[in-house]
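Shown next, in structure tokens, is the structure this report addresses.
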Amino acid sequence: MSMHKLFGLAFLTAFLQAQDALDTIVKQDGASVRGVSVTTFSLTSVKFLRNKEEVEIPPHQVADIQWGGVPDAFTSGMAALARNDYETARQQFGEAVNKTDRAVLKAEARLLQGKAAALAGAGDPAAAANAAGALRAWIGEFPDNWRLPEATYLLGRSLRMGQAHSDAETTLKELDDRAGRDGWGAMWNARAKYELALCLLEQNKALDARSAFQSAGGAADTAMAAGARTDEMAAIKVNARVGEGESLIQEKSYDRAAEFFRTLSQNDDMSLAAAGKAGQGEAMFYLASASNDANGLRGAEIALAEACVLDTGAGDTAAKASYYLGRVLTALGDRAGQDWGARAKAYFTTVTKSYPSSRWVSSAKAELTK
């Protein structure tokens, strides 16, 4: 077969694959562009075929792309992500990479594979470090891809969970800078600032962390005002307020922390009130543990249980409360009843199974190995 015919056959095959894809572009204003085939998905241009004609739109108009014509493994990977089965998702997206010839879809599947690995890395520094390596490689190969902000965020998060705090700080500060400079949106500022605050807290830089949490809360407010992913930004706002109190706990200023969280528990926003109750229980736990005060521990238990009842799903409240409920039972020991060990284990297991991407997973896993 001549080179000309080979080229013609390759073009026809690619064109037919593109026509079968039938992607849907979801725009920021809520409108959808259906029945197209995306050919370019970059920070500077989104191009697609519609009725055999190439159309280009500015990337800032795009909220997401729903891919058509994907391998079954891609669909399975998305389903696994939705049910928090991150290891299965990672494997399925890896398989999808090998089962599509579309360059844009390969890049997407590889990014989702890295995302699944990053989420699976919660509580496992070695797995988080491996995820960071995969995400760094993706960024190096696709430096202009539309998903670059997300990849940079996931890299910073994975570096933090892998305890590479210096690299994490550098990556997260770069994300924060570029989000403003390149117009990526205030939600990326909020995400970067919150992860940076956690990074500082984990390095026992309580004062700097408290300031960073305040900055993250402000950025979340800005993003919410702009209509960006309100649920997620609301969770960051709650977690940032909690982080302010936890910086006091890190300083062992338990009385100040208890008062901070008591005030927070009186907030009209139920998610903040629940977080305040969990924080109160946390502070009370540390105060009572220092003197082995059974009554104080039971008071902490009540506050933590109230937090679970009040929790609206915003932030890490239920995961944190469950973790400290397990700690309370462990501290009480036989004073909590004959089955205290099994009940404590159940709380820790709830954290690892029901909240697998929570930052409390590593602490719960540590308790389960004792």
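The values are calculated or read from the model by the stated rules, or taken from the named source; none is laboratory data. Everything numeric here is computed off the predicted structure, so don't read it as measured data. Because the Cβ atoms are built from the backbone with ideal geometry, glycine has one as well, and the counts that use them run over all protein chains shown.
So is Glu150 among the acidic types (Asp, Glu), at pLDDT below 95 and under 27 Å from Leu43 (Cα atoms) or not? So Glu150 does not fit the description; no. Checked against (1) in contact (Cβ under 8 Å) with a residue 40 or more places away in the chain; (2) out of contact with any helix residue (DSSP H, G or I) (no Cβ under 6 Å at 6 or more places or on another chain), Glu259 passes all but condition (1). Among the numbered conditions (1) surrounded by fewer than 24 Cβ atoms within 10 Å (Cβ to Cβ); (2) within 28 Å of Gly133 (Cα to Cα); (3) not charged (D, E, K, R), the only one that Gly218 does not meet is (2).
Considering Asp144, Asp101, which residue is over 23 Å from Ser363 (Cα atoms) and either hydrophobic (A, V, I, L, M, F, W, C) or touching a strand residue (DSSP E or B) at 6+ places or on another chain (Cβ under 7 Å) (or both)?
The match here is Asp144.
Number of residues in the stretch 330-369 that are more than 26 Å from Met161 (Cα to Cα) and of a type in the set (A, V, I, L, M) equals 4.
Being assigned to a helix (DSSP H, G or I) and in contact (Cβ under 8 Å) with a residue 12 or more places away in the chain is a property that does not hold for Gly35. Scanning the stretch 92-122 for residues that are in a helix (DSSP H, G or I) and not aliphatic (A, V, I, L, M) turns up Gln92, Phe93, Gly94, Glu95, Lys106, Glu108, Arg110, Gln113, Gly114, Lys115. As a summary of the residue check, Lys99 satisfies the conditions (1) surrounded by fewer than 17 Cβ atoms within 10 Å (Cβ to Cβ); (2) in contact with a Pro (Cβ under 9 Å, 6 or more places away or on another chain); (3) farther than 28 Å from Thr44 by Cα except for the one numbered (3). Using the structure shown, decide if Ala168 is crowded, with 24+ Cβ neighbours inside 10 Å, more than 28 Å from Ala80 (Cα to Cα) and within 16 Å of the chain's Cα centre (by Cα). In short, no.
Conditions (1) among the acidic types (Asp, Glu); (2) under 13 Å from Ala206 (Cα atoms), marked per residue:
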| site | (1), (2) |
| --- | --- |
| Gly227 | no, no |
| Met233 | no, no |
| Glu246 | yes, yes |
| Lys252 | no, yes |
| Arg256 | no, no |
| Arg262 | no, no |
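Residue-by-condition table, conditions (1) under 30 Å from Asp29 (Cα atoms); (2) at pLDDT below 95:
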position: Lys193; (1), (2): yes, no
position: Asn204; (1), (2): no, no
position: Arg210; (1), (2): no, no
position: Ala225; (1), (2): yes, yes
position: Arg229; (1), (2): yes, yes
position: Tyr254; (1), (2): no, no
position: Phe260; (1), (2): no, no
position: Lys277; (1), (2): no, no
position: Gly281; (1), (2): no, no
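Summed over the stretch 49-86, the residues that are under 17 Å from Arg147 (Cα atoms) and not in a helix (DSSP H, G or I) give a count of 8. Looking only at the stretch 325-358, residues that are closer than 19 Å to Ala307 by Cα and hydrophobic (A, V, I, L, M, F, W, C) come to 7 in all. For the stretch 194-215, filtering for residues that are buried (at least 21 other Cβ atoms within 10 Å of the Cβ) and either in a loop (DSSP other than H, G, I, E, B) or of a type in the set (Asp, Glu) (or both) leaves 1. Out of all the residues in the stretch 107-125, which are of a type in the set (D, E, K, R) and modelled with pLDDT under 95? Scanning the stretch 107-125 gives a single hit, Asp124. Looking at the stretch 141-149, can you tell me whether even one residue there is within 18 Å of Ala190 (Cβ to Cβ), hydrophobic (A, V, I, L, M, F, W, C) and under 13 Å from the mean Cα position of the chain (by Cα)? Looking for residues that are within 18 Å of Ala190 (Cβ to Cβ), hydrophobic (A, V, I, L, M, F, W, C) and under 13 Å from the mean Cα position of the chain (by Cα), one finds none in the stretch 141-149, hence no. Every test in (1) closer than 21 Å to Trp184 by Cβ; (2) in a strand (DSSP E or B) is passed by Gly30 save one, and that test is (2). Determine whether the stretch 159-178 contains at least one residue that is closer than 25 Å to Ala103 by Cβ and among the hydroxyl-bearing types (Ser, Thr, Tyr). No: the stretch 159-178 contains no residue that is closer than 25 Å to Ala103 by Cβ and among the hydroxyl-bearing types (Ser, Thr, Tyr).
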